[in-house]
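Taking it in order: structure first as structure tokens, then the write-up.
The values are calculated or read from the model by the stated rules, or taken from the named source; none is laboratory data. Since we're looking at a predicted model, the values are computed, not measured. No Cβ is skipped: glycine too gets one built from the backbone with ideal geometry, and neighbour counts run over all protein chains shown.
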Amino acid sequence: MYLMATYRIEGGAPLSGTIRASGAKNAATKQIVAALLTDEEVVLHNVPRIGDVAITADVCRALGAEVEWSGESSVRVRAANLRTVDVPVAFSGLNRIPVLLFGPLLHRHGRASVPLVGGDDIGARPIDFHVDNLRRLGATVELEGATWRAQARRLKGTLIDLPYPSVGATESVLLASCLAEGRTVIRNAAVEPEIVDLILLLQKMGALIAVEVDRTIVVEGVGRLRGAEHRILADRIEVASFAAAAVATDGDIFIEGAEQGAIMAFLNALRRVGGEFDVRADGIRFYRGGELTAVALETDVHPGFATDWQQPFVVLLTQAAGLSVIHETVYERRFGYTAELRRMGATIEIYNTCLGAKACRYRFGDHPHSALIQGPTPLRGTGMQIPDLRAGFSYLIAALVARGPSLVDGAHYVERGYSSIPEKITRLGGRCELV
Ligand code: EPU
């Protein structure tokens, strides 16, 4: 892990060659937490070596679980005895994982305390759904100062109707309900591939969970869960980020382990812009199919175009001819990073209005959640300060496209979610080093 480091990038070289996709950050962290639902050993393979996994492992260790790396990418978790139900305040604000610990801790010890969670500054990101759902499952949950405290003798199955298909809220209900008494029905659930992967692990551990049509998930509570072994799916955000980088730099890359099913909406958007891809048995090749042209798209929950693909795609669109339109419907302020792109020469304007047809929660109020991008614009290398994880990778792409050197400060944001970035970029012929 690199703290307070800066990437030095010399742009202008097309990316070409082969890299291997890492395991998904947003699956690995949740599955380490799921391992706390049993006192037996859970072995996870294809775990990425990233900051968020390290933080999650440390939280679980602080509670008394053994979490050990074995080999390059396997992690063994054994929570035979948990020595405390209080997540230390030191983990407040580092990421959003602690809020998922309520379910496992309530099942193991009937009590849990969790400090306020943080995460990137891309919207308000409340945890009201999580708290409401735990209460519906029978827990008392109160905020005391900066700590959430929950208690329950045994959680009881219930009907949960999510106001929005939140990834984290769906996961926290899954983790809280698979050992609850009776049946839990989650309506309007999120069905991201990482959630399905979590369900696969829980099924191996002995849970009874059905994913039905129309975003309904039905959980039949069981008496106990056991140990299991699971290989985590490839990181569809890392895949899309590198694919956007390859097409933006007019390169040609192959990503081993990339899975088509998890990125269908991205592939459609990429093809509409003028990117091309060949899906092979062991991965996907990405390259330019012709001139890049502007598109209009809206982010959405899965199976829509993921909000975490938005930032790399915006950089790609600065290289596409015409006026592109992006309507961000998942977070209310996820375009702050575009100011730095404008300094590099991009023409991007941000609007509070909905520039799209999807029903959006940010229709009213002051939410800068739509963008117009006029391309193509050459980009100039410069000094940049990374504000958050996905914006950080998009700055790397912009620096790789740009003429001249760039110093991109805040590598720790990127290292939270992407593993071995300078190594991967260098392997693809890009000039990137940590200084
Ligand atoms: N929301 C609420 N109340 C809640 C929970 C969510 O209003 O109690 C709102 C959020 O404010 C947001 C929307 O619902 O506007 C979606 O949030 P969601 O709960 O789905 O997001 P999350 O679980 O906090 C995960 C990923 C994010 C990814 C989103 C959407 C993890 C650790 N994070 O966040 O990933 O953008 O789902 O797919 O899984 C990233 O990896 O860089 C990242 C930000």
Notebook entry, point to check: So GLY283 fits all but one of (1) away from the ligand (no atom under 16 Å from the Cβ); (2) without any contact (Cβ under 8 Å) to a residue 60 or more places away in the chain; (3) of a type outside the set (D, E, K, R); (4) within 25 Å of VAL196 (Cα to Cα); what number is the exception?
Noted result: (2)
Item checked: Number of positions in segment 120-135 that are free of Cβ contacts under 8 Å to residues at least 40 places away in the same chain and surrounded by 18 or more Cβ atoms within 10 Å (Cβ to Cβ) -> 1
Next item on the list: Identify, from the list VAL117, VAL141, VAL85, VAL77, the residue that is among the β-branched types (Val, Ile, Thr) and in contact with a His (Cβ under 8 Å, 6 or more places away or on another chain).
Entry: VAL85
Next item on the list: May I ask you to say which residue of ILE55, ILE50 is surrounded by fewer than 23 Cβ atoms within 10 Å (Cβ to Cβ), within 16 Å of the ligand (Cβ to nearest atom) and among the hydrophobic types (A, V, I, L, M, F, W, C)?
Entry: ILE55
Checklist line | strands (runs of 3 or more DSSP E) lying entirely in segment 166-235 (those with 1 or more residues that are closer than 18 Å to ASP132 by Cα and assigned by TED's automatic domain parsing to the domain that holds ASP132) | finding: 183-187, 216-220
Margin query: Any residue at all in segment 208-216 that's under 18 Å from ALA34 (Cβ atoms), modelled with pLDDT under 95 and either within 12 Å of the ligand (Cβ to nearest atom) or β-branched (Val, Ile, Thr) (or both)?
Written below: no
Next item on the list: Give the residue that is nearest to the chain's Cα centre (by Cα), with candidates limited to residues of segment 80-116 that are within 23 Å of GLY417 (Cα to Cα) and either among the β-branched types (Val, Ile, Thr) or crowded, with 23+ Cβ neighbours inside 10 Å (or both).
Entry: ILE97
Next item on the list: Would you mind stating whether VAL77 is without any contact (Cβ under 8 Å) to a residue 60 or more places away in the chain, surrounded by 24 or more Cβ atoms within 10 Å (Cβ to Cβ) and over 11 Å from LEU36 (Cβ atoms)?
Entry: no
Next item on the list: Tell me which residues, restricted to segment 46-80, are among the charged types (D, E, K, R) and in a loop (DSSP other than H, G, I, E, B).
Entry: ARG49, GLU72
Checklist line | Extreme residue, surrounded by the fewest Cβ atoms within 10 Å (Cβ to Cβ), among residues of segment 151-168 that are touching a Leu at 6+ places or on another chain (Cβ under 6 Å) and aliphatic (A, V, I, L, M) | finding: ALA152
Next item on the list: Determine if segment 180-190 includes at least one residue that is closer than 14 Å to LYS30 by Cβ and either touching a His at 6+ places or on another chain (Cβ under 6 Å) or more than 15 Å from the ligand (Cβ to nearest atom) (or both).
Entry: no
Check: Is one or more of the residues making up segment 288-298 among the acidic types (Asp, Glu), part of a strand (DSSP E or B), in contact with a His (Cβ under 8 Å, 6 or more places away or on another chain) and in contact (Cβ under 8 Å) with a residue 40 or more places away in the chain?
Finding: yes
Next item on the list: Identify the single condition in (1) part of a loop (DSSP other than H, G, I, E, B); (2) touching a residue at least 40 places away in the same chain (Cβ under 8 Å); (3) within 16 Å of the ligand (Cβ to nearest atom) that ALA391 does not satisfy, given that it satisfies every other one.
Entry: (1)
Checklist line | Within segment 369-388, tally of residues that are more than 30 Å from LYS424 (Cβ to Cβ) and within 14 Å of the ligand (Cβ to nearest atom) | finding: 1
Notebook entry, point to check: Can we say LEU400 is over 21 Å from the mean Cα position of the chain (by Cα), surrounded by fewer than 21 Cβ atoms within 10 Å (Cβ to Cβ), among the aliphatic types (A, V, I, L, M) and not in a loop (DSSP other than H, G, I, E, B)?
Noted result: no
Checklist line | Residue list for segment 105-124, filter: farther than 26 Å from THR84 by Cβ and within 7 Å of the ligand (Cβ to nearest atom) | finding: ASP120, ILE122, GLY123, ALA124
Check: Taking segment 140-170 only, how many residues are more than 13 Å from the ligand (Cβ to nearest atom) and over 14 Å from LEU100 (Cβ atoms)?
Finding: 18
Next item on the list: For segment 336-349, enumerate the residues that are within 20 Å of the chain's Cα centre (by Cα) and more than 14 Å from the ligand (Cβ to nearest atom).
Entry: THR338
Item checked: segment 1-37, residues that are of a type in the set (Lys, Arg), in contact with a Pro (Cβ under 7 Å, 6 or more places away or on another chain) and either without any contact (Cβ under 8 Å) to a residue 40 or more places away in the chain or buried (at least 24 other Cβ atoms within 10 Å of the Cβ) (or both) -> LYS25
